[in-house]
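Below is one structure, written out as structure tokens, with a few remarks after it.
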Amino acid sequence: MITITLPDGSRREYPAPLTVAEVAASIGAGLAKASLAGRVGRGDSARMVDTSHLIDADTALAIITDKDPDGLEVIRHSTAHLLAYAVKELFPEAQVTIGPVIENGFYYDFSYKRPFTPDDLQAIEKRMGELGKKDEPVVRRVLPRDEAVAHFKAMGEHYKAEIIGSIPAGQEVSLYREGGFEDLCRGPHVPSTGKLKHFKLMKVAGAYWRGDSNNEMLQRIYGTAWATKDELQRYLTMLEEAEKRDHRKLGRELDLFHVDDHAPGVVFWHPKGWTVWQQVEQYMRCVYQDNGYQEVKGPQILDKTLWEKTGHWDKYRENMFTTESEKRDYALKPMNCPGHILIYKQGIKSYRDLPLRLGEFGQCHRNEPSGGLHGIMRVRGFTQDDGHIFCTEDQILDECNAFTALLQRVYADFGFTDILYKVATRPEKRIGADELWDKAEHALMASLRNSGCDFIISPGDGAFYGPKIEYTLTDALGRQWQCGTIQVDFALPQRLAAEFVAENGERKTPVMLHRAILGSLERFIGILIEQHAGALPAWLAPTQVTVLNITDSQADYARNVVKTLQKQGLRCELDLRNEKITYKIRIHSMQKVPYILVVGDKEMASDCVAVRARGNQDLGVMSVSAFAQKALVDIAAKA
């Protein structure tokens with residue numbers, strides 16, 4: 001007898017070996033129809049298998065359907081194969097390479113004699129639908145490595161043969177066939193193509209074979225796949241909204257910034273964009289001042305020997321910009337922490353000086369690949385709201401408690417309240433004693449519990465020198481952005497010989513907490529632009545108020561209104577153009593100005609303004625002083 005334990009703890013016995021599909025059928029016809037794959041085994045030893053997998057020994061089994069996250073991955077993986085199947089049917093000379101699952105979808109890379117066009121994508125997607133409706137079985141078989149190499153060479157699939165040839169000799173590989181198409185894959189896959197119904201091809205992009213720029217440029221077709229039609233439609237609607245909110249598009253339309261090939265990966269801030277930057281920086285400067293941080297400024301270029309001592313030269317050299325002067329090698333700093341330790345080391349520090357909190361709006365440079373640059377979200381030159389806290393081991397918990405509370409307040413002021421908390425724990429390759437790791441990990445988790453935060457554990461994802469909390473915010477479209485972090489570091493202060501005098505007179509090494517709330521200011525401003533679709537809250541808006549006259553007779557009055565509001569601290573502009581008032585209102589509405597004030601003869605006679613708030617809200621006529629008070633209250637409340 002074979003005993004199978006189900007997820008609810010119940011057990012079923014069977015007289016002979018049977019497949020996952022047969023187990024599902026024995027439970028119910030509905031489950032049999034919905035099953036996509038199975039998960040056999042428990043804990044870390046559990047593995048995903050096809051529904052055709054034969055169970056011949058006692059085991060735990062979960063039937064995977066499209067309700068499970070793993071089921072969605074199986075659908076996407078199988079849809080990638082369906083894409084390759086359709087391409088080979090329509091373009092037999094195309095060679096298939098690799099096609100993995102990615103976030104929200106999949107892609108497949110092809111080698112073909114000409115670029116695929118939008119019409120080609122439509123034809124491929126149509127053919128995918130036709131192949132899905134044929135409901136062809138997806139059948140797995142296993143071949144020895146060398147036999148599989150010969151098989152794909154005979155098919156003319158040289159890329160597949162190369163992939164298999166890189167597998168150690170003597171091993172076996174699994175192949176999956178659907179209809180006339182067979183592909184290399186570890187699986188699992190859906191039982192038949194009829195399970196694949198809700199997908200969309202998105203775009204074509206270039207990609208080097210095996211990510212090496214010395215190799216051939218392939219064509220990467222991206223697609224998305226979902227369990228239901230509604231899920232697919234919601235995702236496509238989200239993408240449409242995301243396109244409208246794209247910070248690069250809005251940056252041009254609102255005249256905030258631009259990027260230029262003369263300085264790839266570095267931002268040119270325009271006056272309006274730099275105003276936004278200044279609001280964010282000055283806000284964070286107040287956060288520093290109100291929470292015990294001392295602001296510092298370190299140099300941009302540091303000697304190579306420092307980076308060797310910290311370990312960055314060995315681990316990060318390829319991402320560092322370097323220069324040479326008088327036979328000495330230097331690097332533009334990719335991070336601020338070594339400079340802060342050098343500042344800390346000036347003068348003798350006592351335990352009474354700790355915790356010592358240093359903050360810097362530190363400009364950093366990292367040599368990111370050109371293909372990875374993205375507007376102001378992914379750049380080579382950026383500024384961090386960086387801070388480092390030097391403390392004793394006993395102070396770690398209190399500092400982490402305070403930091404999480406501070407981060408929550410800051411994010412709320414910027415309009416983000418949905419935060420995901422992740423604790424990244426010790427990696428296999430690490431430095432430092434386990435008792436120190438225990439203390440650091442306990443402090444990070446305890447600080448989140450003290451803050452009432454649910455969190456997830458990311459085992460082994462900590463830095464080699466210490467664990468960390470990653471703070472990920474969720475925007476209006478449900479997208480997640482990892483911005484904040486706090487890391488516990490016992491190693492770097494020791495490597496650079498940072499010390500303090502303990503209460504007993506002994507010299508000790510401080511613990512260093514690396515922390516950032518916004519992360520890269522460039523990236524965070526890009527997130528803000530997309531979060532608010534360019535309509536930044538009044539406290540951040542580059543222009544808070546625009547005053548418009550109806551005719552020339554109100555020009556002097558409009559000028560006086562602007563001067564009055566500017567004296568109140570409002571960022572105010574004047575539009576005296578000889579245009580229809582409806583045109584001027586429309587133009588400034590498109591610029592997403594929070595308040596538009598219109599002045600005509602009636603307003604001038606009563607020393608008032610007609611107020612329109614963003615979103616075409618008519619707030620009526622009010623005195624200039626009453627409007628100023630309202631605007632300043634909204635700005636102070638960060639409404």
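Can you confirm whether the range 455-467 contains a residue that is of a type in the set (F, W, Y), without any contact (Cβ under 8 Å) to a residue 60 or more places away in the chain and part of a strand (DSSP E or B)?
First pass over the range 455-467, keeping only residues of a type in the set (F, W, Y): 455, 464-465.
Among the residues that remain, those that are also without any contact (Cβ under 8 Å) to a residue 60 or more places away in the chain are: 455, 464-465.
From the residues that got through so far, the ones that are part of a strand (DSSP E or B) too are none.
The answer is no; no qualifying residue exists.
Yes/no per residue for (1) of a type in the set (S, T, Y); (2) more than 30 Å from F110 (Cβ to Cβ); (3) free of Cβ contacts under 8 Å to residues at least 24 places away in the same chain:
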{"residue": "Q233", "(1), (2), (3)": "no, no, yes"}
{"residue": "M238", "(1), (2), (3)": "no, no, no"}
{"residue": "R248", "(1), (2), (3)": "no, no, no"}
{"residue": "G251", "(1), (2), (3)": "no, yes, no"}
{"residue": "H262", "(1), (2), (3)": "no, yes, yes"}
{"residue": "F268", "(1), (2), (3)": "no, yes, yes"}
{"residue": "G273", "(1), (2), (3)": "no, yes, no"}
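Can you say whether L306 is crowded, with 18+ Cβ neighbours inside 10 Å, in a helix (DSSP H, G or I) and of a type in the set (A, V, I, L, M), as far as the supplied structure shows?
Criteria met by L306.
State whether one or more residues within the range 312-327 are among the acidic types (D, E), under 30 Å from D260 (Cα atoms), part of a strand (DSSP E or B) and in contact with a Lys or Arg (Cβ under 7 Å, 6 or more places away or on another chain).
no
Give the number of residues within the range 85-94 that are surrounded by 21 or more Cβ atoms within 10 Å (Cβ to Cβ) and either of a type in the set (A, V, I, L, M, F, W, C) or modelled with pLDDT under 95 (or both).
Summing the residues that are surrounded by 21 or more Cβ atoms within 10 Å (Cβ to Cβ) and either of a type in the set (A, V, I, L, M, F, W, C) or modelled with pLDDT under 95 (or both) in the range 85-94 gives 2.
List every residue pair whose Cβ atoms sit under 8 Å apart, with the two residues 6 or more apart in sequence or on different chains, where the first one lies in the range 321-343 and is touching a residue at least 60 places away in the same chain (Cβ under 8 Å) and the second, anywhere, is polar (S, T, N, Q) and assigned to a helix (DSSP H, G or I).
Hits for this filter: C337/T310; P338/T310.
I need a count of the residues in the range 365-382 that are under 17 Å from G251 (Cβ atoms) and either outside any strand (DSSP E or B) or not hydrophobic (A, V, I, L, M, F, W, C) (or both).
Total satisfying the criteria: 8.
Cβ contacts < 7 Å: first residue free of Cβ contacts under 8 Å to residues at least 60 places away in the same chain and at negative phi, restricted to the range 545-565; second residue of a type in the set (K, R) and buried (at least 18 other Cβ atoms within 10 Å of the Cβ), any location; separation 6+ or different chain. Result?
Final answer for the pair search is L548/K584.
Go through the range 532-557 and report how many residues are surrounded by fewer than 23 Cβ atoms within 10 Å (Cβ to Cβ) and either in a helix (DSSP H, G or I) or over 44 Å from the mean Cα position of the chain (by Cα) (or both).
Within the range 532-557, residues that are surrounded by fewer than 23 Cβ atoms within 10 Å (Cβ to Cβ) and either in a helix (DSSP H, G or I) or over 44 Å from the mean Cα position of the chain (by Cα) (or both) number 8.
Could you give every pair whose Cβ atoms fall below 8 Å, whose first residue belongs to the range 42-67 and is under 12 Å from A21 (Cβ atoms) and touching a residue at least 12 places away in the same chain (Cβ under 8 Å), and whose second residue is surrounded by 12 or more Cβ atoms within 10 Å (Cβ to Cβ) and basic (K, R), counting only separations of at least 6 or pairs across chains?
Cβ pairs passing all conditions: V49/R39; D50/R140; S52/R140; L61/R39; I64/R39.
Checking G432 against (1) under 18 Å from H514 (Cα atoms); (2) in contact with a helix residue (DSSP H, G or I) (Cβ under 8 Å, 6 or more places away or on another chain); (3) in a loop (DSSP other than H, G, I, E, B); (4) among the small types (G, A, S), which single condition isn't satisfied?
So G432 meets the others, but not (2).
Looking at the range 216-273, what strands (runs of 3 or more DSSP E) fall wholly within it and have at least 1 residues that are among the small types (G, A, S) and surrounded by 13 or more Cβ atoms within 10 Å (Cβ to Cβ)?
Numbers: elements: 217-226, 257-259, 267-269.
Qualifying strands (runs of 3 or more DSSP E): 217-226.
Here are E231, E240: which of them is farther than 27 Å from F524 by Cα and either at pLDDT below 95 or not aliphatic (A, V, I, L, M) (or both)?
After applying the criteria, what remains is E231.
Would you tally the residues in the range 446-466 being within 13 Å of L397 (Cα to Cα) and touching a Phe, Trp or Tyr at 6+ places or on another chain (Cβ under 7 Å)?
Within the range 446-466, residues that are within 13 Å of L397 (Cα to Cα) and touching a Phe, Trp or Tyr at 6+ places or on another chain (Cβ under 7 Å) number 1.
In this structure, does L121 turn out to be under 30 Å from V20 (Cα atoms), at pLDDT 95 or above and in a helix (DSSP H, G or I)? Steps first, please.
Values: under 30 Å from V20 (Cα atoms): no; at pLDDT 95 or above: yes; in a helix (DSSP H, G or I): yes.
Against the criterion (under 30 Å from V20 (Cα atoms), at pLDDT 95 or above and in a helix (DSSP H, G or I)), L121 does not qualify.
Restricting to the range 336-372, name every residue that is closer than 19 Å to Y288 by Cα and either aromatic (F, W, Y) or touching a Cys at 6+ places or on another chain (Cβ under 8 Å) (or both). I'd like the intermediate steps shown before the answer.
As a first pass, look at the range 336-372 and keep what is closer than 19 Å to Y288 by Cα: 336-337, 339-341, 343-344, 353-363.
Within the range 336-372, N336, Y344, L354, P355, L356, F361 meet the criteria.
Filter the strands (runs of 3 or more DSSP E) completely within the range 1-111 down to those with at least 1 residues that are under 18 Å from I221 (Cα atoms), small (G, A, S) and in contact with a Leu (Cβ under 8 Å, 6 or more places away or on another chain).
105-111
Given the structure, is I102 among the hydrophobic types (A, V, I, L, M, F, W, C), surrounded by fewer than 17 Cβ atoms within 10 Å (Cβ to Cβ), closer than 30 Å to G165 by Cβ and in contact with a strand residue (DSSP E or B) (Cβ under 9 Å, 6 or more places away or on another chain)?
yes
Tally time: how many residues in the range 385-409 are surrounded by fewer than 18 Cβ atoms within 10 Å (Cβ to Cβ) and within 25 Å of C364 (Cα to Cα)?
Summing the residues that are surrounded by fewer than 18 Cβ atoms within 10 Å (Cβ to Cβ) and within 25 Å of C364 (Cα to Cα) in the range 385-409 gives 1.
Take L548 and decide whether it is aliphatic (A, V, I, L, M) and closer than 17 Å to P271 by Cα.
no
Every residue in the range 482-538 that is modelled with pLDDT of 95 or more, farther than 19 Å from F257 by Cα and aromatic (F, W, Y), please.
Correct list: F500 only.
Take the range 608-637 and flag every residue that is touching a residue at least 24 places away in the same chain (Cβ under 8 Å) and among the acidic types (D, E).
D634, the sole residue that qualifies.
Every residue in the range 567-596 that is in contact with a Ser or Thr (Cβ under 7 Å, 6 or more places away or on another chain) and in a strand (DSSP E or B), please.
E573, D575, I596
What tally of residues in the range 134-158 results from selecting those that are without any contact (Cβ under 8 Å) to a residue 40 or more places away in the chain and in a helix (DSSP H, G or I)?
The number of residues fulfilling the criteria is 10.
Search the range 618-639 for residues being in a helix (DSSP H, G or I) and charged (D, E, K, R), and hand back the single one that is farthest from A535 (Cα to Cα).
We begin by selecting, within the range 618-639, every residue in a helix (DSSP H, G or I); these are 624-636.
Checking which are charged (D, E, K, R) leaves us with 630, 634.
Details: K630: 19, D634: 15 Å.
So the residue we want is K630.
Might you let me know whether the range 156-172 holds any residue that is within 26 Å of I75 (Cβ to Cβ), modelled with pLDDT under 95 and out of contact with any helix residue (DSSP H, G or I) (no Cβ under 8 Å at 6 or more places or on another chain)?
The answer is yes, given that some residue of the range 156-172 is within 26 Å of I75 (Cβ to Cβ), modelled with pLDDT under 95 and out of contact with any helix residue (DSSP H, G or I) (no Cβ under 8 Å at 6 or more places or on another chain).
Would you pick out the residues in the range 241-258 that are of a type in the set (A, V, I, L, M, F, W, C) and touching a strand residue (DSSP E or B) at 6+ places or on another chain (Cβ under 6 Å)?
F257
Run A32 past the list (1) in contact with a helix residue (DSSP H, G or I) (Cβ under 7 Å, 6 or more places away or on another chain); (2) in contact (Cβ under 8 Å) with a residue 60 or more places away in the chain and report the number of the one that doesn't hold.
Tallying (1) in contact with a helix residue (DSSP H, G or I) (Cβ under 7 Å, 6 or more places away or on another chain); (2) in contact (Cβ under 8 Å) with a residue 60 or more places away in the chain, A32 fails exactly one: (2).
Here is a check on your reading of the model: is G375 surrounded by fewer than 19 Cβ atoms within 10 Å (Cβ to Cβ) and under 19 Å from the mean Cα position of the chain (by Cα)?
On the way: surrounded by fewer than 19 Cβ atoms within 10 Å (Cβ to Cβ): no; under 19 Å from the mean Cα position of the chain (by Cα): yes.
For G375, the condition - surrounded by fewer than 19 Cβ atoms within 10 Å (Cβ to Cβ) and under 19 Å from the mean Cα position of the chain (by Cα) - is not met.
The values are calculated or read from the model by the stated rules, or taken from the named source; none is laboratory data. Here the structure is a predicted model, which is why all the values come from computation and not from measurement. For neighbour counting, all protein chains shown are included, and Cβ atoms are generated from backbone atoms with ideal geometry for every residue, glycine included.
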